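J.: Can you keep this structure in mind? I'll have questions shortly.
The values are calculated or read from the model by the stated rules, or taken from the named source; none is laboratory data. Here the structure is a predicted model, which is why all the values come from computation and not from measurement. Glycine also receives a Cβ, built like all others from the backbone with ideal geometry; neighbour counts cover every protein chain displayed.
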């Protein structure tokens with residue numbers, strides 16, 4: 001039997017609680033981010049018709065751990081129900097991901113699954 005463990009190029013942070021989810025701001029609209037990595041993000045939307053696969057999107061991410069917003073730019077990769085998945089050309093750095101993970105571990109230790117490590 002072959003073990004098909006999924007290997008990803010970039011570490012992802014998954015947010016299970018809306019209260020700690022970072023925010024994606026595109027123009028005047030704000031969306032909650034349920035999952036984020038250096039090259040992608042999964043965003044919760046009320047109206048998925050706002051986006052189409054292939055759309056180029058530019059906005060800002062407001063992480064819990066940082067005072068400054070991070071400019072992101074990418075394309076809509078796919079839409080699944082009320083979630084839009086973006087592939088980012090410009091996005092978070094590895095340093096941003098580590099800072100966010102540390103912040104969550106310190107202030108919201110029950111949010112990340114045990115063993116989750118980006119460092």
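J.: Identify, please: which residue in segment 58-69 is surrounded by fewer than 17 Cβ atoms within 10 Å (Cβ to Cβ) and in contact with a strand residue (DSSP E or B) (Cβ under 6 Å, 6 or more places away or on another chain) and is, among those, farthest from residue 85 (Cα to Cα)?
T.: 69
J.: Also, quick follow-up: Give me the residue from segment 47-82 that is touching a helix residue (DSSP H, G or I) at 6+ places or on another chain (Cβ under 8 Å) and part of a strand (DSSP E or B) and, out of that set, farthest from residue 21 (Cα to Cα).
T.: Residue satisfying both the conditions and the ranking: 79.
J.: Show the residue pairs that are 6+ apart or on different chains and have beta-carbon atoms under 6 Å apart, the first residue being within segment 19-42 and touching a residue at least 60 places away in the same chain (Cβ under 8 Å), the second being surrounded by fewer than 19 Cβ atoms within 10 Å (Cβ to Cβ) and part of a strand (DSSP E or B).
T.: 22/62
J.: Of all residues in segment 19-39, which are surrounded by 19 or more Cβ atoms within 10 Å (Cβ to Cβ) and either more than 17 Å from residue 111 (Cα to Cα) or over 17 Å from the mean Cα position of the chain (by Cα) (or both)?
T.: 24, 31
J.: Still on this structure, please answer the following. In the set 38, 119, which member is at pLDDT 90 or above, part of a loop (DSSP other than H, G, I, E, B) and in contact with a helix residue (DSSP H, G or I) (Cβ under 7 Å, 6 or more places away or on another chain)?
T.: 38
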